[in-house]
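Everything below concerns the one structure shown next.
Every read-out reported here was derived from the displayed coordinates using simple, explicitly stated rules and does not represent laboratory data. These numbers were taken from a predicted model, which means no experiment stands behind them. We place every Cβ from the backbone using ideal geometry, glycine too, and count neighbours over all the protein chains shown.
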Amino acid sequence: MIGRLLGEAGTRARIALGLAALVLLAAPAMVDDYLLTVLTQSLFFAYLGQSWNVMMGFAGLLSLGHAMFVGLGAYVAGALFVHFGLPPVIGLFPAMALAALVGAAIGFLGFRFSIQGVYFALLTIAFAEFIRILFDHFTWVGGSSGLFIPVDNRTVNDLVHLRGTPEMFYYLALGLSVAALALSRLLLAGRLGHRWLAIREDQEAAQALGIDVFRAKMAAVVLSAAMTSLGGVFYAFYFNNMFPEQIFNINLSIELLLGPIIGGLGTLIGPILGAFVLTPLSELLSALTERHALIGIKHFVYGLCVVLIVVFLPGGLWPWIARRLGLDRPPGDGT
Amino acid sequence: MPLDAIANIATAGLLTGLVYGLSALGLSAIFGVTRIVNFAHGELMVIGMYGALLLFQHFGLAPLWAIPIVGAALFAIGYALQAGLVNRLLHAPEHMQFLLMAALAIMLVALCLMAFGPNAQNVTLESAYDSVEIGVLILDAHRVYAGIAAIAVAGLLFVFFRYHPLGKAIRACADNLTGAAVVGLNVKRLFALTFGIGSACIGAAGCIILMLVDVHPYLANTYTLLAFVVVIIGGMGSLSGALLGGLLVGVSEALAGLLLQPSLKSMFSFGLLILVLILRPEGLLGRRS
Amino acid sequence: MSGARLEVRDLSKSFRGLKAVRNASFEVPAGEIVGLIGPNGAGKTTIFNLIAGVMAADSGTVTLDGHSLAGLRPDQVCRAGVGRTFQIVKPFAGLSVQRNVVIAALNLAPDIDAAERRAVEILDRLGLKPKRHQLAGALTLPERKRLEVARALATGPRLLLLDEVMAGLRPTEVDVMVGVFKELNASLGITILLIEHVMRAVMALSRHIVVLHHGEIIADGTPEAVTRHPKVLESYLGEEALG
């Protein structure tokens, strides 16, 4: 298993990975509460980006509605906890199941009716907006005034109920991101991952080589949706509140895909790197501009980053860095 | 519900729909020619609204009279965007173009926030409470002016594309890109012109809609999505389809607001969008590819 | 692995009233190499697309070893044992040459390791082994054509459909490709149906030639017989093409 995970990674890559792991594991002991929050949020966005990357980066399916899966995950686990006291460790299963189901519905409609490219992206937006307005009027979960999870500052960590210290949430986010990295690595090295890459590159050729395009694409959407919704469960219990206007908003859909784009679409490390560039950057900008109350500056810089990447470094930061550090494997396999 | 009340609301929706249609015309023209999906559509429209607002606040210019000035400014912005940025990505994968536009959209909203703040602002005109009576219909005068202005600008655009040599050249580009390049048309310049004209059209729609709604930066997203709904229903790239889609969405929203909760009305549009995407992805008046 | 017998009966296909293929019937015996020739627009690629399941025929049947291919999707046709190349090559440009072929080999291979071994073996056979770690998008056109063939071969076909794989190659490169196909056919017994304009290759490979004109088969026989057929001479070969 470990061998399979490390695969063809070279010695330098292994050392770099080991160092990164050490730093991330030791981080909570070295930073203050504020920095820990920034790191936790970076990891959270890394995880969302990794989940989105499965669809777009691997299978070439552009989703601009991924916020809906975050929202569904958060709301299902959150509501089951608020109304029935169901601990999130169980609630995450119905949450993922519902997200997977919605993903399957979108995929089925999109792929059966051959909705491709930008039109598919618009379909995902339409679904996300549809669901957002639905939750706005869904009074059982608070409607537009939101759903709140009782805050309960514990000093004892309770993973079953996801109540505990900031450190617990940090390690949880780290665990999610590492798990997503391992899963992505295994998938890419396996049969399904190869099918996805083929479809991403050329669907017609993929089909001529015996690949059932419909099934492979469905697998990508369902898996990506389920993974994203798990991030939503984390969202619910980390932030303790959710509003349809925020959690289903297209801005979240776009924010979560900026990491993979900036870090490197379709790469394993890109989404993590991108999130660790963007989240601290936005915090820094907020801190710098606090006195001047420039509320738009964060998004302005976000947008600028994407424009610069798209125009000058369309492959993203990671492939560029990896080449310079001598970390990359034979070119072209997108990892 | 009395019938004349429904007729009133439907007509009001129709008039608003004309403005939606005009704005979607800009999106559709840009897509039809450059194949770029302008994700910054609503943002350009909001900039047009702020332009009209500024002209009103500083010079007392009514929004409809601001159309030529705002239109010219938006033309320049659109031309510069396409010539300076988007043209570089003409051969990039679709999703990269889409992301570029989305990023521009984010930046434009942020600029609006920095310049104008998050609060809603509007123009207060003395004529705001005037009404027009036509038979059983009693309509806000502003809405009637808006509808007429939208038709006028749309008509101008149709005439341009049909009779003006540049308009014909642009259509040639839309029909057959390689062919247009072969006969010596400067495709990149025509693309920039198209983006400029489309943007001017969006700016005009912004001026007009300012008579009916308050402007704030977050309106941009709503208008982007609304224009997508309109254009997809009408058929991407089809100009008359955009107007038809605008009318359909305007009326159905107005009626949905009457029959359901007003806040549910956009759910209706998105439901419509999903249906059209599935059943007739080329839109009602679009060409099958 | 052995070749399969392809039988095409009364195949017809129209596009918007234009008959692209009309009542075409021919067969490719197991283990044979048959050439499908004809001027541009004669319907050759349409026939390939009909066999490969890209589009459905208006009427007629296609059978592989007696089993109908009707109603199958392209991936199902591939799994039934038909490998194809595209006239306009479709490499997975963003992936390495090797991964291109591994993906194809996964059609039959039980796992990735087996697929990789098979891919390397096929790349070696087509002379692409030294380039296997390059991006497919970085290959030259002749190399891309060979990659196209390598991928089709890696799916483990019993019938190989080759769509103008010689076009754009230099005469020496054509000879190399001809050698590869002869060897494949001899060692593995794969049945080959090839669309080709390069007569040098067609004549060297085919034991049998089918000539298509305006969607109709106008001649069907040995290379010698076909090239002397008056209709063929008039409609296609003219004087120049026999070089």
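Computed over region B:1-79, the P(r) curve from all C-alpha pair distances, binned at 5 Å from the origin, holds 3, 13, 17, 20, 16, 12, 9, 7, 3, 1 percent per bin.
Mean per-residue shielding of peptide A:194-207 is 6, counting Cβ atoms of other chains within 10 Å of each Cβ. Beta bridges assigned by DSSP with both partners in chain C are antiparallel in approximately 55 percent of cases. Could you tally the net charge around C:Ala52, taking each other residue with its Cβ under 11 Å from the Cβ of C:Ala52, Lys/Arg +1 and Asp/Glu -1? In short, -1. The protection proxy used here, the mean number of other Cβ atoms lying within 10 Å of each residue, ranks peptides C:202-211, A:51-60, B:271-280 as follows, highest first: A:51-60, C:202-211, B:271-280. Packing around the peptides A:22-28, B:240-246, A:86-92, taken as the average count of other Cβ atoms within 10 Å per residue, puts them in this order, highest first: B:240-246, A:86-92, A:22-28. For region C:6-215, the Cα gyration tensor yields ellipsoid semi-axes of 27, 19, 16 Å (square root of five times each eigenvalue, largest first, whole Å).
When the pairs C:Lys44/C:Lys90; A:Lys217/C:Lys129; C:Lys19/C:Lys44; B:Lys188/C:Lys90 are compared against a 22 Å limit on Cα-Cα distance, A:Lys217/C:Lys129; B:Lys188/C:Lys90 fall above it.
Split chain C at each of the GluC sites (Glu not before Pro) in a DSSP loop with at most 11 other beta carbon atoms within 10 Å, and the longest piece is C:1-238. Considering every Cα-Cα pair within region A:2-325, what fraction, in whole percent, is farther apart than 37 Å? Of all Cα-Cα distances in region A:2-325, 14 percent exceed 37 Å.
Region A:24-94 and region B:138-175 have their alpha-carbon centroids 47 Å apart. Specify the residue with the greatest mean-square fluctuation among C:Leu193, C:Leu135, C:Leu162, computed from a Gaussian network of chain C linking alpha-carbon atoms under 10 Å apart. In the Gaussian network model the winner is C:Leu135. Per-residue shielding of B:273-280, expressed as the average number of other chain Cβ atoms within 10 Å of the residue Cβ, stands at 4. Per residue of A:302-308, other chain Cβ atoms within 10 Å of the residue Cβ number 6 on average.
As a length-normalised measure over Cα pairs under 8 Å and 6 or more apart, the relative contact order of chain A settles at 31 percent.
Among C:Val97, A:Val118, a tally of other beta-carbon atoms within 10 Å of each Cβ gives an order, fewest to most, of A:Val118, C:Val97. Computed from the Cα positions only, the extents of the protein assembly as shown along the three principal axes stand at 92, 72, 49 Å, in decreasing order.
Taking a sphere under 15 Å around the Cβ of C:Ala80 and counting the other residues whose Cβ falls inside, with K and R at +1 and D and E at -1, yields a net charge of +1. Diagonalising the gyration tensor over the Cα atoms of region B:16-218 and scaling each eigenvalue by 5 before taking the square root yields semi-axes of 31, 21, 13 Å, largest first. For chain C, the longest principal axis of the Cα atoms and the long axis of helix C:141-154 meet at an angle of about 80 degrees.
For region C:58-129, applying the loop criterion from DSSP together with a ceiling of 13 other beta carbons within 10 Å to the trypsin sites (Lys or Arg not before Pro) yields no site. Where both bridge residues fall in the protein assembly as shown, DSSP classifies roughly 65% of the beta bridges as antiparallel. Note on region A:5-89: the C-alpha convex hull projects to 8.6 nm² when averaged across all orientations. Among A:His161, A:His83, B:His58, the order by Cβ neighbours within 10 angstrom, fewest to most, reads B:His58, A:His83, A:His161. Each semi-axis of the equivalent ellipsoid for region A:1-146 is √(5λ) with λ an eigenvalue of the Cα gyration tensor; in descending order they amount to 32, 25, 14 Å.
In the elastic network of chain B, a GNM with C-alpha springs shorter than 10 Å, the most mobile of B:Ala200, B:Ala150, B:Ala76 is B:Ala76.
Note on the protein assembly as shown: helix-only mean residue ellipticity at 222 nm, from DSSP H runs of 4+ residues weighted -39500 (n - 2.57) and normalised by residue number, equals -20500 deg cm²/dmol. Cross-link partners of B:Lys265 among lysines, defined as those whose alpha carbon lies under 27 angstrom from its own and excluding same-chain residues fewer than eight positions apart, are absent. Size descriptors for region C:62-116: radius of gyration and Dmax over Cα atoms are 13.4, 39 Å. Annotation for region A:181-217 versus region A:113-180: alpha-carbon center distance of 28 Å.
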